[in-house]
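First comes the structure, then the notes that go with it.
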Amino acid sequence: MEYIEISKKTVDECITEACAQLMVTSDNLEYEVISTGSTGFLGLNVKPAVIRARVKSASEEKAQEVKETVEEKKVEVKKEEKPKKKEVKEEKAPEVKKEEKTEEKQISYVYDHEFINRAKEFLANVFGAMNMKVTVDAKYNETDKVLEVELSGDEMGVLIGKRGQTLDSLQYLISLVVNRGSEDYIHVKVDTENYRSRRKATLENLAKNIAYKVRKNRQSVSLEPMNPYERRIIHSALQADKYVTTHSEGEEPFRRVVVTLKK
């Protein structure tokens, strides 16, 4: 990925802006400080800080190999079973009434289940083809019918992929494998190194920065294409904003969130 150049008052502000533009957390950012900036004397000769930044890549060749392997597995699974097409509803987060109080739900987890065995067997084949050593921990939420899979190892950055695309592809494939022949639909969540939580925080921070720019410049901003889960995060983060509103435009997989000023 090519570098982008960021100029702000301080290096820290440059890093924050780079994370917002590239939509990654700081630990996944590779950057080079061109200038640390200068406050000048009595407000004169002020120089901004400048950095060159891009998304960190441990091994682009390895990442490409992983991506190709996942795509091959996706074709294999699709040949075996074509998933039912489900109607996708607008992903905007619903409003929650504050006065409503719900009792804490008791969730029942099991660690030995047919769905877990299916997922682990499939992932063992995938990671074997990738020549990667990955530890797979899984548990099944019987209450909500959710299979939660946690991956760990030395090359998790490669497994996550650009903006989580490889991780999302693995989650999709496991969902196909697990739901084959199942009477009830089983939701699948795949995570590694707390990526989902970190990504959520990054998107929420991005949403607030974009809202500020829209309010300041009085011009709408169209974000880069995101999957439905990430679009929901942006919608939810700005749902209560007094000055801006959000909506989605385009068709999958190029559907994106647009942030506009309220009339």
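Taking the stretch 156-263 and the strands (runs of 3 or more DSSP E) fully enclosed by it, the elements with 1 or more residues that are more than 21 Å from K139 (Cα to Cα) and touching a His at 6+ places or on another chain (Cβ under 9 Å) are at 244-249, 256-261. Among the residues of the stretch 177-186, is any of a type in the set (S, T, N, Q), surrounded by 20 or more Cβ atoms within 10 Å (Cβ to Cβ) and touching a Leu at 6+ places or on another chain (Cβ under 9 Å)? Looking for residues that are of a type in the set (S, T, N, Q), surrounded by 20 or more Cβ atoms within 10 Å (Cβ to Cβ) and touching a Leu at 6+ places or on another chain (Cβ under 9 Å), one finds none in the stretch 177-186, hence no.
So which of E224, E251 ends up being without any contact (Cβ under 8 Å) to a residue 12 or more places away in the chain, farther than 30 Å from V134 by Cα and not assigned by TED's automatic domain parsing to the domain that holds T16? Step through it out loud before you land on a result.
Working: E224 fails: without any contact (Cβ under 8 Å) to a residue 12 or more places away in the chain.
The match here is E251.
Restricted to the stretch 122-142, and to residues there that are crowded, with 18+ Cβ neighbours inside 10 Å and touching a residue at least 60 places away in the same chain (Cβ under 8 Å), the residue that is farthest from V110 (Cα to Cα) is M130.
Among residues that are closer than 28 Å to N28 by Cα, surrounded by fewer than 16 Cβ atoms within 10 Å (Cβ to Cβ) and not small (G, A, S), D168 is not included. With respect to the conditions (1) assigned by TED's automatic domain parsing to the domain that holds A138; (2) free of Cβ contacts under 8 Å to residues at least 12 places away in the same chain, N217 lacks only one, and its number is (1). Taking every residue in the stretch 143-156 that is touching a residue at least 40 places away in the same chain (Cβ under 8 Å) and in the same structural domain as L123 (by TED's automatic domain parsing) and pairing it with any residue that is among the polar types (S, T, N, Q) and surrounded by fewer than 12 Cβ atoms within 10 Å (Cβ to Cβ), at least 6 positions away or on another chain, the pairs with Cβ-Cβ distances below 6 Å are S152/T135.
Matching residues to (1) under 13 Å from V188 (Cα atoms); (2) among the small types (G, A, S); (3) modelled with pLDDT of 65 or more:
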{"residue": "P83", "(1), (2), (3)": "no, no, no"}
{"residue": "E91", "(1), (2), (3)": "no, no, no"}
{"residue": "K98", "(1), (2), (3)": "no, no, no"}
{"residue": "E103", "(1), (2), (3)": "no, no, no"}
{"residue": "F127", "(1), (2), (3)": "no, no, yes"}
{"residue": "M130", "(1), (2), (3)": "no, no, yes"}
{"residue": "K133", "(1), (2), (3)": "no, no, yes"}
{"residue": "A138", "(1), (2), (3)": "yes, yes, yes"}
{"residue": "K145", "(1), (2), (3)": "yes, no, yes"}
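Just checking, which of N179, N205, N209 is under 29 Å from A129 (Cα atoms), out of contact with any strand residue (DSSP E or B) (no Cβ under 7 Å at 6 or more places or on another chain) and at pLDDT 90 or above? Explain how you work it out, then say what you get.
Numbers: N205 fails: under 29 Å from A129 (Cα atoms); N209 fails: under 29 Å from A129 (Cα atoms).
Only one candidate passes the filter, namely N179.
A search for C-beta distances below 9 Å between a residue of the stretch 197-214 that is free of Cβ contacts under 8 Å to residues at least 60 places away in the same chain and under 14 Å from V24 (Cβ atoms) and any residue that is small (G, A, S) and loosely packed, with under 15 Cβ neighbours inside 10 Å, counting only pairs 6+ apart in sequence or on different chains, returns nothing.
Would the stretch 229-247 turn up any residue that is within 29 Å of G157 (Cβ to Cβ) and at pLDDT below 90? Scanning the stretch 229-247, I find at least one residue that is within 29 Å of G157 (Cβ to Cβ) and at pLDDT below 90, so the answer is yes.
The values are calculated or read from the model by the stated rules, or taken from the named source; none is laboratory data. Predicted, not measured: the structure shown is a model, and the values here were computed from it. Note: ideal-geometry Cβ built from the backbone for every residue, glycine included; neighbour counts use all protein chains shown.
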